[in-house]
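Asks: My structure is below; once you've seen it, I'll send some questions.
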């Protein structure tokens, strides 16, 4: 297992990304924010709280191994921060909202560094220090950082950038996060198994006649 490191994923946010506050982190791939509608109507200018769902990753459910840890890691990244959201269009709904009315986005964190270390293409280490003001802010792709640290799967069916899969494979190879243990199942399989178990339990609780047919209610 690799020792804990702080891995960041630098990527410029979309020019259309909107800046929003993080009010509450739900789990490893969603949080609550507040958005002001883009409208000229005076009666529609109040801010609205809305749930955000990450677009290309899926973190473990809270009931799965690593689910709570994924939430805590995301909280350590963006809790009480403002982030920039690149809003996506969901293929199965044709809108920016999923079926649970969550806004689907890629989140970016803008961070400022006073000092950083760099390695050039020849492997030479260089150090940058700003003497008068904070180092120019950089944007960080939070989805990829969740993958790099081993706290999420890639939703490949939505066609993410190949760097997402590369980040997942690196985390798995380095045994970071959930990959410290074997036998992890993706959250969509976990939810499917839970739904099937609930249906079986409900069916078993239906009163039945002596011939095995359901008893009329």
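Asks: Check 82, 48 and return the single one that is exposed (fewer than 13 other Cβ atoms within 10 Å of the Cβ), farther than 30 Å from residue 184 by Cα and either touching a residue at least 60 places away in the same chain (Cβ under 8 Å) or touching a helix residue (DSSP H, G or I) at 6+ places or on another chain (Cβ under 7 Å) (or both).
Replies: Within the list 82, 48, the selection yields 82.
Asks: Separate question: Looking for something at negative phi and under 13 Å from the mean Cα position of the chain (by Cα) - is there at least one such residue anywhere in the stretch 109-126?
Replies: yes
Asks: Now for a separate question. Could you look through the stretch 87-104, keep only residues that are touching a strand residue (DSSP E or B) at 6+ places or on another chain (Cβ under 6 Å), within 18 Å of residue 160 (Cα to Cα) and assigned to a loop (DSSP other than H, G, I, E, B), and pick out the one that is modelled with the lowest pLDDT?
Replies: Here the answer is 90.
Asks: Okay, moving on. So which of 84, 73 is closer than 23 Å to residue 11 by Cβ, at pLDDT 90 or above and part of a helix (DSSP H, G or I)?
Replies: Only one candidate qualifies: 73.
Asks: Of all residues in the stretch 1-38, which are under 21 Å from residue 102 (Cβ atoms), modelled with pLDDT under 95 and either touching a helix residue (DSSP H, G or I) at 6+ places or on another chain (Cβ under 9 Å) or loosely packed, with under 11 Cβ neighbours inside 10 Å (or both)?
Replies: Listed by number, the residues that qualify are 16, 37, 38.
Asks: Any idea which residue in the stretch 130-161 is nearest to residue 69 (Cα to Cα), counting only those that are assigned to a helix (DSSP H, G or I) and modelled with pLDDT of 95 or more?
Replies: Selected residue: 146.
Asks: Oh, and also: Return only the number of the condition from (1) buried (at least 17 other Cβ atoms within 10 Å of the Cβ); (2) in contact (Cβ under 8 Å) with a residue 12 or more places away in the chain that residue 97 does not satisfy.
Replies: Condition (2) is where residue 97 drops out.
Asks: If residue 126 passes every condition in (1) part of a helix (DSSP H, G or I); (2) loosely packed, with under 10 Cβ neighbours inside 10 Å but one, which one does it miss?
Replies: Of (1) part of a helix (DSSP H, G or I); (2) loosely packed, with under 10 Cβ neighbours inside 10 Å, only one is false for residue 126: (1).
Asks: Let me ask something else about it. In the stretch 162-195, which residues are surrounded by fewer than 21 Cβ atoms within 10 Å (Cβ to Cβ), at pLDDT 95 or above and within 18 Å of residue 56 (Cα to Cα)?
Replies: Matches in the stretch 162-195: 162, 163, 165, 166, 169, 170, 172.
The values are calculated or read from the model by the stated rules, or taken from the named source; none is laboratory data. Computed from a predicted model, the values in this text were never measured in an experiment. Note: ideal-geometry Cβ built from the backbone for every residue, glycine included; neighbour counts use all protein chains shown.
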